[in-house]
Amino acid sequence: AVENAAKQAYMQADLSHVDHSRVGVFIGTAFGGYTELSNYIYEKIKMNQMEYVTPYIISKAGFENATDAITKMFQTGGLYSTFTTGNTAGVDAVCAAINMLRTHELDAVITGASDIIDQKLEEIYRQLFMEDNKSRTISEGAAILILEREESAKSRNATILAYLDDPE
């Protein structure tokens, strides 16, 4: 989902003529990576290998998967990061992207959020957080924005679809 959303946003923004060393990728995910982690833990439990289920297995979660895929897809060379701050991960990624543009660290940023939910994770989430509230649910999807410094967009005659107000 995130790769398709990124392709659509990239094509609409037409970043093909931008210096890709100045293009960053900042993606937020609340649950991304947990599928790999839960599968790993499940297999170790099933094989009675609990000694391999330690705090160090978090490195197997693959939180960077979406960010890495987008970075490689568009061969960007700017800063990149994955935000795993729970429900605010997408907002945190967009805020970080805005900061990178404001400070002239980057000229454009592919940013947004993506989550993939597997059945096991949904069951755990429902047990932990939704017993008393049956109307709450979790879902999967992706939303990607291309944010670009105004000077950069104007220099290449890009169609500017929106402006962000500077809160300062």
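Taking residues in the range 1-21 that are under 21 Å from Glu105 (Cα atoms) and of a type in the set (S, T, N, Q), and partners anywhere that are open to solvent by 30 Å² or more (accessible area, probe 1.4 Å) and not in a helix (DSSP H, G or I), the pairs with Cβ atoms closer than 7 Å and at least 6 places apart or on different chains are Ser21/Gly77.
When the helices (runs of 4 or more DSSP H) confined to the range 60-168 are screened for residues that are modelled with pLDDT of 95 or more, open to solvent by less than 40 Å² (accessible area, probe 1.4 Å) and under 21 Å from Thr29 (Cα atoms), those reaching at least 3 such residues are found at 89-102.
The values are calculated or read from the model by the stated rules, or taken from the named source; none is laboratory data. Just so it is clear, the structure is predicted and the values come from calculations on it, not from any experiment. When we count neighbours, we look across all protein chains shown, and the Cβ atoms used for this are built from the backbone with ideal geometry, even at glycine. Keep in mind that these areas ignore ligands, DNA and RNA; they rest on the heavy atoms of the full protein, side chains included. Shrake-Rupley method; radii C 1.70, N 1.55, O 1.52, S 1.80 Å.
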